[in-house]
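Take a look at the structure set out below.
The values are calculated or read from the model by the stated rules, or taken from the named source; none is laboratory data. Quick caveat: nothing in here was measured; it's all calculated off a predicted structure. For neighbour counting, all protein chains shown are included, and Cβ atoms are generated from backbone atoms with ideal geometry for every residue, glycine included.
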Amino acid sequence: MLEKYQKIHIIGIGGISLSALALILKENGKDVTGTDRHLSKITDELEKKGIKIKKDFCKEFVEQADLVVYTSAISDCDEDFCFAKQYLKPTMSRAELLGELTKDCFTISIAGSHGKTTATAMIGYMFECAKRDPTIHVGGIMKNFHSNVIIGKSKHFITEACEYKDSFLHLKNDNSIILNEAPDHLDYFKNEDNYYKSFQKFAENTKKNGVLIINNDNCHLTKNVLNCNIFTYAINKKADLQAKNLKINENGFWEFEVFYLGLSFGIVKLNILGKHNIYNALCTVAVGIVNHIPLETIKFAIASFEGVERRLEFITNLNGAIIIHDYAHHPDEIVASIQTCKQLNKKRLITIFQPHTYTRTRDLYYQFCEAFFESDEVWLLPIYPAREKPLPKITSLFLAKGIKSKNKFVRYFSNFDKCFKFINKIADSDCLFLILGAGDVEELAYKFKKR
């Protein structure tokens, strides 16, 4: 379908995913323009590569376009989107565009409630190490490449697959990976059952001769209705691929012995923090086995993988205090991040959290109240609204009340500047500050990098 469109305008081009797709379109010879509410380093890089971008909206770009692509985060009253309707322009969502770009490729899609970005980057890096020349599309900046996209010349297309609004159902996969399933985005799915049904449909989109790779420790699929090959991995349950003899090495990174069909494949060593990343490494080993990548290449890739920005990212050492930033915005992710930081053995772990969206704060309220149990203090910032309008009574102060009821010390800061000043005031060698959130809280974290 994309063949008939030459001039493509993208609404929300500064988003981490759409910016990557914009570069792929540009590489494929398309004339790409874009608009976004916020100009950033990402949009600056796109402009350097010949993509014209305007802030907020641009009637001229829409008028000249053959096709208008939009992010699911836009509102119905977005001016560019309204122009597209006015001019009767063909439109396509980000998810539909990704489906079109991958339809003739050997598509490896990584889905899951948590860990998609890190797992996709790790798998993509493994394919690069194996000299498979893949295209890699990731929702974050891969430290090994300093980019969110690698455009290769082979048929391999490795992509993060987002479940929000059933986006990942536009993908037809040679390898489908499901990392885990923990209900989220209930503003769209309405209930847990609908959420699990969406992952079931994603699994069913695996091509007949393809392979579905799943985490047996966290799986809600009905497997007997699936018409594809299934490869399982796990730590706790029986699976084709298992991690055993887990331990932390002297550098604070996890390593484990991997067993395939009961036979030891030796030790796999991680180069990034967090026990949860054992699952991402296991998944990477599974994808490597399925795609006939040599075991030594798989191990090398995992051992030299540097991670993704905003994923347990070390920011700085401030007066002896450690500052770490993580993208965690779901209760399960918060628990995993805090548990990882506890291993760094500081006397005082202070978690600074910017809740992401009003509906998630409402729908997972009780889980959020429980998620900070291992943190010594919890500091809250105002809710990042993303695509949403405020909901009555759903505020960070409301969340603070619930966390306090669990016998936690809670502070509230009305803006980043106040929080930044207070961190500078109290930081000492006893402290670890963990800054969490998927919104613009990275601006607070990166303030310390500029010092």
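The table below lists the values:
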read-out: Checklist (1) on the phi > 0 side of the Ramachandran plot; (2) hydrophobic (A, V, I, L, M, F, W, C); (3) under 25 Å from the mean Cα position of the chain (by Cα) applied to residue 88, failing item; value: (3)
read-out: Residue under evaluation residue 426, criteria (1) crowded, with 20+ Cβ neighbours inside 10 Å; (2) under 13 Å from residue 352 (Cβ atoms); (3) β-branched (Val, Ile, Thr), criterion not met; value: (1)
read-out: Top-ranked residue in the stretch 378-394 [being in a strand (DSSP E or B) and free of Cβ contacts under 8 Å to residues at least 40 places away in the same chain; ranked as surrounded by the most Cβ atoms within 10 Å (Cβ to Cβ)]; value: 378
read-out: Cβ pairs under 7 Å, 6+ apart, first in the stretch 395-415 and under 15 Å from residue 354 (Cβ atoms), second of a type in the set (Gly, Ala, Ser) and not in a strand (DSSP E or B); value: 410/400; 412/396; 412/400
read-out: In the stretch 129-154, residue surrounded by the most Cβ atoms within 10 Å (Cβ to Cβ) [restricted to those that are outside any loop (DSSP other than H, G, I, E, B) and among the β-branched types (Val, Ile, Thr)]; value: 138
read-out: In the stretch 308-363, the residues that are small (Gly, Ala, Ser) and either more than 23 Å from residue 384 (Cβ to Cβ) or in contact with a helix residue (DSSP H, G or I) (Cβ under 6 Å, 6 or more places away or on another chain) (or both); value: 320, 321, 328
read-out: Verdict on residue 138 being within 26 Å of residue 218 (Cβ to Cβ), in contact with a strand residue (DSSP E or B) (Cβ under 9 Å, 6 or more places away or on another chain) and outside the structural domain of residue 6 (by TED's automatic domain parsing); value: yes
read-out: Filter pass, residue 126 being touching a strand residue (DSSP E or B) at 6+ places or on another chain (Cβ under 9 Å) and either outside any loop (DSSP other than H, G, I, E, B) or closer than 22 Å to residue 42 by Cα (or both); value: no
read-out: The stretch 68-123 - residue that is in a helix (DSSP H, G or I) and acidic (Asp, Glu) and, of those, farthest from residue 26 (Cα to Cα); value: 79
read-out: Among residues of the stretch 202-231, those that are in a loop (DSSP other than H, G, I, E, B), of a type outside the set (S, T, N, Q), touching a strand residue (DSSP E or B) at 6+ places or on another chain (Cβ under 6 Å) and within 20 Å of residue 115 (Cα to Cα), counted; value: 1
read-out: Those residues of the stretch 177-232 which are among the β-branched types (Val, Ile, Thr) and either modelled with pLDDT of 95 or more or within 27 Å of residue 388 (Cα to Cα) (or both), in sequence order; value: 177, 178, 206, 211, 213, 214, 230, 232
